[in-house]
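I'd like to ask you about the structure that follows.
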Ligand code: BT5
């Protein structure tokens, strides 16, 4: 794997906004205009926070950390899914350091605590003509001070406050994440995916679980999640013993 970017995420390249439709949209716009790799866009509130497949991401004012990073790795598009996995490991490790709680990763992009989602990741890429990644935007939502009332009907979510009773500062959580991500990103740059894979496996709640693989909400495969291959694809063994690998779509897991 070859990457030109040094892998350093600069803490002084953070742009703060009171309100944005979506930090991912803003970061994509800035990246298109030539913003440097390492730029981080943070919003106090998002009016149209996005999940995958046009899902909504609840991002009320001041209750969580809603931000996106612009990355400019020189990397073949086949490796792009690894960026989400890397960000998931960074988020799980940063939150563990901050709180001493055990967070787990649900493939590919959810950070879970006690079976509930506390953080979601949305990576979006623009490809260059030669098929490499021109830039990537990695958007991350971490629920910090949301209460049960803030979640309303969203019963599958939790926050740092609900889990610990402590009101964490947004700055503190952002710094913890960027410290962790910077290290992993530069390690990935120089040494490849192997150790990120190990860290992902160590933090995963997906392996050994019965999973249903869906593409655009349509079930396409089911079985036991057995392993992650060297590229970051999930290996799933079905009832007939056949193993398929998945690096796209989404996984729905019965218990995590
Ligand atoms: C994700 O999508 O989990 C990616 C979320 C990424 C959000 C960040 S915030 C900063 C940046 N700017 C953006 O516009 N987005 C990124 P997905 O796996 O599709 O999960 C979406 C689902 O999570 C929804 O359909 C809800 O069920 C659930 N959900 C929505 N808001 C949530 C929240 N605050 N906490 C936990 N779960 C939530």
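None of the figures in this text is laboratory data; all of them are computed from the coordinates on show. Not measured: the values here are computed from a predicted model. Note that we place each Cβ from the backbone using ideal geometry, even for glycine, and neighbour counts take in every protein chain shown.
Compare 192, 49, 241 in a GNM of the chain, Cα atoms joined below 10 Å, and give the one with the largest fluctuation.
241
Which of rounded, prolate, oblate describes region 16-60, given a ≥ b ≥ c as roots of the alpha-carbon gyration tensor eigenvalues and a/c under 1.5 marking rounded, otherwise prolate only if a/b is larger than b/c?
Details: a/c = 2.59, a/b = 1.49, b/c = 1.74.
It is oblate, given that a/c is not under 1.5 and a/b is not larger than b/c.
Could you tell me how many cubic angstrom of Cα convex hull volume region 210-253 has per residue?
On the way: hull volume 2.5 nm³, N = 44.
Taking only Cα atoms, region 210-253 has a hull volume of 57 Å³ per residue.
What number, rounded to the nearest 500 deg cm²/dmol, is the helix-based mean residue ellipticity at 222 nm of the chain, given -39500 (n - 2.57) per DSSP H run of at least four residues and division by all its residues? Mind showing how you got there, number by number?
Numbers: 6 runs with 70 residues, N = 256.
After summing the helix terms and dividing by residue count, I get -8500 deg cm²/dmol.
Something else now. Grab the Cα-Cα distance for residue 239 and residue 100, subtract it from 0.36 nm times how many residues apart they are, and report the gain in nm with one decimal. Please list the in-between numbers first.
On the way: separation 139, 0.36 × 139 = 50.04 nm, distance 3.78 nm.
My answer for the length gained is 46.3 nm.
I need the Kirkwood Rh of region 138-181: take the reciprocal of the average 1/r across all distinct C-alpha pairs and report it in angstrom. Mind dumping the intermediate values first?
Values: mean 1/r = 0.0877 Å⁻¹.
This gives a value of 11.4 Å.
Hey, in the GNM for the chain with a 10 angstrom Cα cutoff, which one of 114, 179, 100 fluctuates hardest?
Of 114, 179, 100, the Gaussian network model singles out 100 as fluctuating most.
Quick one: compute the contact order of the chain, relative version, from alpha carbon pairs under 8 angstrom and 6+ residues apart, as a percent.
Values: 543 pairs, mean separation 46.5, N = 256.
Computed value for the chain: 18 percent relative contact order.
Also: Taking the number of other C-beta atoms within 10 Å as the exposure measure, put 185, 16, 161 in order starting with the fewest.
Exposure proxy ranking, most exposed first: 16, 161, 185.
At a 10 Å Cβ-Cβ cut-off, how would you order 186, 195, fewest neighbours first?
On the way: 186 16, 195 13.
In order of increasing Cβ crowding within 10 Å: 195, 186.
Peptides 79-90, 37-48: what's the order by average Cβ count within 10 Å, highest mean first? Walk me through the numbers on the way to the answer.
On the way: 79-90: 23.9, 37-48: 20.0.
So the order, starting with the most tightly packed, is 79-90, 37-48.
Please work out the Kirkwood hydrodynamic radius for the chain, using every pair of different C-alpha atoms, and report it in angstroms with one decimal place. Intermediate results must be reported in sequence, preceding the final value.
Working: mean 1/r = 0.0543 Å⁻¹.
Taking every pair of different Cα atoms in the chain, averaging 1/r and inverting gives 18.4 Å.
Using only the Cα atoms of region 138-256, build the gyration tensor, take square roots of its eigenvalues as a ≥ b ≥ c, and label the shape rounded, prolate or oblate: rounded if a/c is under 1.5, else prolate if a/b is larger than b/c, else oblate. Kindly include the intermediate steps, with their values, before the conclusion.
Numbers: a/c = 2.57, a/b = 1.31, b/c = 1.97.
Since a/c reaches 1.5 but b/c is at least a/b, the shape of region 138-256 is classed as oblate.
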